[in-house]
Each structure stands twice: as C-alpha cells, then as structure tokens.
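The values are calculated or read from the model by the stated rules, or taken from the named source; none is laboratory data. Since this is a predicted model, take the numbers as computed values, not measurements. Reconstructed Cβ throughout: ideal geometry from the backbone, glycine too, with neighbour counts over all protein chains shown.
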Amino acid sequence: MSRRFLTLSILFTSLFIFIFSIPAVEASSKQYIYDSAELLSEEQVMELEDSIKEFGDKQETDFIIHTTNDTGGKSIKTYMGDFYDEHAFGYDQPKGNTILLTVSMDPSKREVYLAGFKKGEEYLDNERIELVLDKVTPHLSDKNFYQAFQQAISTSSDYMEYRPGVNPESLLLKTWFQLVVALAVGGIIVGIMVYNSGGRVTVTARTYFNENNTRVNSKRDMFVNKTVTKRRKPSNNKSRGGRGGGGGITGGGSSFSGGGRSF
C-alpha cells in the first residue's frame with residue numbers, strides 16, 4: 001500500500017511540475033530578433049535579447065527586431081505589416097502588445113520603420129516614434145547597428161512610461177529643469193524675505209531736488225544712429241534623410257502607429 005501511494009505521489013508531482021513548466025519553456029524559446037541581414041554577432045544578439053526581455057516585462061510588450069536585405073518589392077511599411085501578421089507577435093496573446101523595428105538593407109534604398117501595436121500604438125504614437133527615430137537613425141547611418149537597436153529598445157520603453165499625449169522630451173519633465181526652477185523660486189522667496197526684513201528706504205531722487213531753484217531752459221531730441229539687424233529665414237530642408245511617417249492597418253486588419261526614415 002505504501003509503495004503504491006509513493007508511486008502515485010511521484011507521478012502527480014512530476015505531472016504538476018511538467019504542467020507549470022510549460023509557460024516558462026514557451027517564454028524562453030520566444031524569438032525576438034530576426035537578423036536576416038546578418039548585422040549582428042551572436043554575442044550582440046544575446047545581449048539584445050536580454051535587454052528586450054527586461055524592457056518587455058517592464059512594459060508588458062514584445063520588442064521585435066527584424067532586418068532584411070530584400071523586401072520583395074514591397075514598401076517597408078507593407079513588408080513590416082505582413083511580417084507582423086505572419087508571426088502574430090504579442091506579449092501575452094497573438095497579435096498583442098508589440099513594438100516592431102524593421103530595417104531594410106536593400107542596396108537601392110536603406111530604410112528603417114518603427115511600429116507600435118495595441119499598447120505599443122497607444123503609448124508610442126506617431127509623434128513619439130519620430131522622436132525615437134531621431135536618436136536611432138544616426139547610429140544606422142554610421143553602421144552602428146547594435147547601438148541603434150539598443151537605443152530603439154531603451155528609448156521606446158522610456159517613452160512608454162509617460163501617459164499618452166505627453167511629450168516625453170518636454171523641458172518641464174526634465175529633472176535638471178525642475179531643479180533650476182526650484183532654485184530660482186527659492187532664490188526669489190529668500191530675496192523677498194531679506195528685502196522685507198530691512199528698514200524702509202525714505203530717501204529718493206526728490207530729496208536732493210530743489211523745485212524753487214531748478215528749471216528746464218530748453219530740450220531737444222538728437223538722432224544718433226540707426227541699427228539694422230538681419231536674420232536668415234530657417235530652411236525647411238531635412239538633412240536626416242527621407243521620411244515615411246504615419247501608421248495604418250496591416251493586411252490582416254491590425255492597427256498600428258508608425259514612422260520611417262531612409263539612412
């Protein structure tokens with residue numbers, strides 16, 4: 001009887017461990033980087049995946065990086081959408097929270113496109129995506145692909161910390177600016193306190209002015225010179241490469257925010 005009970009206990013324990021280990025196995029086998037263009041070393045891929053898991057758990061969003069040498073004649077935006085539909089990325093469900101960075105190394109036109117789905121679309125809207133690309137594109141132009149991908153992941157995650165509709169690069173949100181304002185306000189308050197703590201000043205310019213013996217004989221205006229300041233009108237030319245902005249809907253019906261650049 002005891003042997004039978006022991007055998008059943010072992011079987012139930014093994015079954016229990018197997019069932020609860022399935023999600024962990026699935027999570028560990030999840031692929032985040034599809035480097036078809038071979039822009040990264042194996043070590044860099046491993047380091048990026050560690051960063052992706054860290055920021056992904058923090059934002060409950062999958063961060064996906066995909067590189068290619070050929071978009072099959074499609075625009076990078078359409079290519080990205082088809083790739084998303086094909087793999088059905090998502091943090092906790094198919095076609096769920098996702099940030100997808102696509103880089104095309106096509107010799108005729110090198111491009112990057114960043115898109116946000118579900119929570120990614122809400123917290124990384126078109127305007128924020130443009131801010132991310134401002135930081136990422138220079139690294140791509142210099143062929144610093146590892147730095148570009150790290151920048152994209154970390155900056156996207158940082159921006160998702162702010163509620164939708166807020167400019168994450170606003171001066172009002174910068175710690176150093178808040179410190180300067182606090183010091184300035186503190187200085188004004190201290191100055192007012194010092195001013196009010198002293199005696200009242202009663203001497204004015206009229207103290208030494210004798211109205212009975214003082215008069216104006218004449219007055220005149222003299223033109224001395226004229227100063228003309230010239231300013232150059234800012235140009236609207238963009239030096240950061242062509243842009244392909246705005247989100248849309250994939251062929252499979254998934255809505256997304258997005259923005260793209262050539263580099």
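Scanning region 60-75 for residues that are buried (at least 22 other Cβ atoms within 10 Å of the Cβ) and in contact (Cβ under 8 Å) with a residue 40 or more places away in the chain yields THR61, PHE63, ILE65.
May I ask you to verify whether TYR84 is within 20 Å of ARG261 (Cα to Cα) and at pLDDT 95 or above? Please lay out each step first, then the result.
Numbers: within 20 Å of ARG261 (Cα to Cα): yes; at pLDDT 95 or above: yes.
Criteria met by TYR84.
Before we move on, is ASP134 loosely packed, with under 15 Cβ neighbours inside 10 Å, in a helix (DSSP H, G or I) and either in contact with a Gly (Cβ under 7 Å, 6 or more places away or on another chain) or not polar (S, T, N, Q) (or both)? So ASP134 fits the description; yes.
In this structure, does MET46 turn out to be closer than 17 Å to GLN151 by Cα, modelled with pLDDT of 95 or more and either of a type in the set (A, V, I, L, M) or part of a loop (DSSP other than H, G, I, E, B) (or both)? Explain how you work it out, then say what you get.
Details: closer than 17 Å to GLN151 by Cα: yes; modelled with pLDDT of 95 or more: yes; either of a type in the set (A, V, I, L, M) or part of a loop (DSSP other than H, G, I, E, B) (or both): yes.
Against the criterion (closer than 17 Å to GLN151 by Cα, modelled with pLDDT of 95 or more and either of a type in the set (A, V, I, L, M) or part of a loop (DSSP other than H, G, I, E, B) (or both)), MET46 qualifies.
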